[in-house]
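Presented below is the structure to which this report refers.
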Amino acid sequence: MSSRGVNAKPRNRLLCAPVSKLRLTLACWNYDRTRALLTGQVQADGIDLNYLDLPVEETFFRMLRHKEFDAAEMSLSSYVMSLFLPDRPFIAIPAFPSRFFRHSCIYVHAGSGIQEPKDLIGKRVGTPEYQMTAPVWIRGILSDEYGVPVNSVVYITGGEEEPGRREKLPLDLPPDIRVERIGPEQTLSSMLARGDIDALYTARMPSSFRPGGGSVKRLFEDFPAAERSYFRRTGVFPIMHTVVVRRDVHERDPWVAQSLYKAFCAAQQTTYEDLAETAALKTMLPWLTAHVEETRREMGDDFWPYGLEHNRGALTTFLRYSYEQGLAKTLLRPEQLFAPETLESFKI
């Protein structure tokens, strides 16, 4: 018999019980700025995160078509369009795992006669999906900066490397914007190589492009100079992807948005620290230190900002492009994109 006696009360075992966390699945690619979430180095408050390392095309397809994940990286353009669906299936947090200057992503056929942006007018231009974020930025920048109206070319859509790709969301475009689909066995990369289309706006480098020569070349051969000039004039570092939470998940547990946002910010901070490390290079780039120092001179210390206020200009520009290009049905404000609890923080 225990020395405590038969009438002794048992200890409260609840004090020792493990704390239960909410199990959520996040689909996101393996970026340096999100890797601490993948490895578990950074934990989201109250969340047991199941991080699926998936390429962006798979993540977008599965989330938009089937809503398979609790949270996911998502094309900014697709997310904006989803806000006009009857069920508004997602709500975003202001974390941006993918950003990209897109001057490098305009490819032209060498025999098309396209030497400068205005030569695109009247041409047939491929794009995997009209609504994908990279071409939205490209079309907007060409219009704003180079006088190439969005409705001045014919857009040819379909798979870049594989036949059969379709728009992930239905389009309802103004009649002056002309979009045609390629054939069931065709690909945009091979069509560009043959000259069946004159140019290609895309996120991925097409397999038909060979640096230094061939039938496919970049419109902006010195794209770093063009992109630096663009940033100096506009202050815009184009946002490609945001992070969304399924709306039913957010409505059930609203705290999830803020918890995930804090975790994405903390994970990104570890990457800033790694880039600043000079005792040993953590990234396989021989002149990483020089590149980081140059980037900070051009763009400031927080050159990949998260949050609404530091991205208001880029978001306002993109929302205007989405509306002007017939994708967004009304001109949205940046505040309308994000879970409201992620837009402010407590003060001490």
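Points worth noting:
- What separates the Cα centres of the stretch 79-103 and the stretch 33-69 is a distance of 15 Å.
- Under-5 Å amide H pairs with ILE156, H placed in peptide plane, nonlocal only: VAL125, GLY126, THR127, GLU180
- The calculated pair-distance distribution of the stretch 10-140 uses every alpha carbon pair, bins of 5 angstrom beginning at 0, and gives 2, 8, 14, 16, 14, 12, 10, 8, 6, 4, 2, 1, 1, 1, 1, 0, 0, 0 percent.
- Where both bridge residues fall in the chain, DSSP classifies roughly 45% of the beta bridges as antiparallel.
- Karplus 3J(HN,Hα) series, Hz, for the stretch 188-194 with 6.51 cos²θ - 1.76 cosθ + 1.60 (x for Gly, Pro): 5, 4, 5, 5, 5, 4, 7
- Set LYS118/LYS217; LYS67/LYS262; LYS123/LYS329; LYS168/LYS329; LYS262/LYS347 screened for pairs whose C-alpha atoms are more than 19 Å apart: LYS67/LYS262; LYS123/LYS329
- Virtual paramagnetic centre 7 Å along Cα→Cβ of ALA290, amide N under 20 Å, in the stretch 197-227: 222-227
- Straight-distance crosslink candidates among aspartates and glutamates, where the alpha carbon sits under 14 Å from LYS282 and sequence neighbours closer than 8 are dropped: ASP32, GLU273, ASP274
- Among 103-110, 203-210, the order from most to least packed when residues are scored by Cβ within 10 Å on average: 103-110, 203-210
- In this structure the chain gives 50 Å² per residue of accessible area when probed at 1.4 Å with all protein chains present.
- Global size of the chain as Cα Rg and Dmax, reported in angstrom: 23.5, 96
- In degrees, nearest ten, helix 133-146 long axis to first principal axis of the chain (Cα): 50
- Cα-centred dipole magnitude for the chain, charges only on beta-carbon of K, R (+1) and D, E (-1), debye, nearest 20: 920
- Euclidean distance between Cα centres, the stretch 116-163 to the stretch 165-236, Å: 6
- Residues of the stretch 251-272 with an amide N closer than 14 Å to a point placed 7 Å from the Cα of ASN50 along the Cα-to-Cβ direction: none.
- Rounded to whole Hz, the Karplus (6.51, -1.76, 1.60) HN-Hα couplings of the stretch 111-127, x for glycine and proline: x, 7, x, 8, 10, 9, x, 5, 5, 6, 4, x, 9, 9, 10, x, 7
- Scalar couplings 3J(HN,Hα) for the stretch 328-333, obtained by applying the Karplus form with A = 6.51, B = -1.76, C = 1.60 to θ = phi - 60°, are 7, 7, 9, 7, 7, 9 Hz; x denotes Gly and Pro.
- Note on ILE348/LEU22: beta-carbon distance plugged into 1/(1 + (r/R0)^6) with R0 of 22 Å gives a FRET efficiency of 0.25.
- Whether the stretch 189-348 is rounded, prolate or oblate, judged on the alpha carbon gyration tensor where a/c under 1.5 counts as rounded: oblate
- Apportionment of accessible area to carbon and sulfur, the stretch 217-348, percent (1.4 Å): 56
- Overall form of the stretch 219-306 per C-alpha gyration tensor (a/c, 1.5; a/b vs b/c): oblate
- 0 to 90° range, to nearest 10: angle between helix 255-276 axis and the chain longest Cα axis: 70
- Placing R0 at 22 angstrom, the Cβ-Cβ distance between TYR323 and ILE121 gives a FRET efficiency of 0.50 after rounding to 0.05.
The values are calculated or read from the model by the stated rules, or taken from the named source; none is laboratory data. This one's a predicted model, so the numbers in the text were calculated from it and none came from an experiment. Ideal geometry is used to build each Cβ from the backbone, glycine not excepted, and the neighbour counts take in all protein chains shown. For accessibility, only protein heavy atoms count, side chains too; no ligands or nucleic acids. Shrake-Rupley method; radii C 1.70, N 1.55, O 1.52, S 1.80 Å.
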